[in-house]
Ligand SMILES: [Zn+2]
């Protein structure tokens, strides 16, 4: 989009109703979070991929899985992606992971986390357990980018462990 087009678009944004603005905000922040999580996960684990099955290092690209790059190991022929063999493998709604991490850090019970994230209680419950299972070294690899963006995030998330056992 060129500058003039953006300017016209911004003028039209000013005419949105409050409800429409809230919708727009939701779309913008969801997209940013999704992209942020994807970049983070891939940049931390996908930079120099090592096969999680056999520790092989001869890796080729092989399509995508769950919105992330998929790799194939030349040694064992198996495929994997950045989250394979971590507790976050196959979890959906990646855009909400940062919010989940934050809810966990603040010790929110499942009922409140579910309301805040806009996901079912069963989802909030499952995520809580998967995120708690995530061993510190893996968590550091997956979420280190967040620390750089906001140093206090990781400190709070460590402190938050063990608080609030959910509902
Ligand atoms: Zn392998």
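The values are calculated or read from the model by the stated rules, or taken from the named source; none is laboratory data. These figures come from a predicted structure and were not determined experimentally. Cβ placement follows ideal geometry from the backbone for every residue including glycine, while neighbour counts extend to all protein chains displayed.
With the range 93-146 as the region, which helices (runs of 4 or more DSSP H) entirely inside it contain at least 3 residues that are modelled with pLDDT of 85 or more and farther than 24 Å from residue 65 by Cα? Ranges flagged: 110-117. In the set (1) away from the ligand (no atom under 16 Å from the Cβ); (2) at pLDDT below 75; (3) surrounded by 12 or more Cβ atoms within 10 Å (Cβ to Cβ), residue 25 fails one condition alone, (3).
Residues in the range 47-81 that are away from the ligand (no atom under 15 Å from the Cβ) and assigned to a loop (DSSP other than H, G, I, E, B) were compared, and the one that is modelled with the highest pLDDT is 67. Given the criteria in contact with a strand residue (DSSP E or B) (Cβ under 8 Å, 6 or more places away or on another chain) and closer than 29 Å to residue 52 by Cα, does residue 69 qualify? Answer is yes for this residue.
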